[in-house]
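In what follows, a structure is listed as structure tokens, so that the remarks can point back to it.
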Amino acid sequence: MKRVIQVRIFRGENQYVAECLDLPVVTEAPTLDQLAANIREAIALHLDGEDLAELGLARDPTILVTMELEAVA
């Protein structure tokens, strides 16, 4: 069972985008704080009523975020 749900954050054209790598969940927001709230809510809504074991997830999984930054050189 996976104990971690992986999420990738990157800067879109106008907003920050969070893309879940383990579930079909994507959201966006103008700030990172709002994006964090959005991804938590979107994942919770996606998993609501689902059998986590069927999805290969442990009970109360952690969200692990990786942020993609533009190169400096």
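Quick note: the coordinates plus some simple rules give every number you see, no bench work behind them. Keep in mind it's a predicted model, so treat the numbers as computed, not measured. Cβ coordinates were reconstructed from backbone atoms using ideal geometry, including for glycine residues, and neighbour counts include every protein chain displayed.
Structure data summary
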item: Options 62, 31, 66, 27; residue that is touching a helix residue (DSSP H, G or I) at 6+ places or on another chain (Cβ under 6 Å), among the β-branched types (Val, Ile, Thr) and in contact (Cβ under 8 Å) with a residue 12 or more places away in the chain; result: 27
item: Selection status of residue 41, surrounded by fewer than 13 Cβ atoms within 10 Å (Cβ to Cβ) and not in a loop (DSSP other than H, G, I, E, B); result: yes
item: Filter pass, residue 35 being of a type in the set (A, V, I, L, M) and surrounded by 14 or more Cβ atoms within 10 Å (Cβ to Cβ); result: yes
item: Subset tally (residues that are closer than 14 Å to residue 10 by Cα and among the β-branched types (Val, Ile, Thr)) for segment 31-73; result: 4
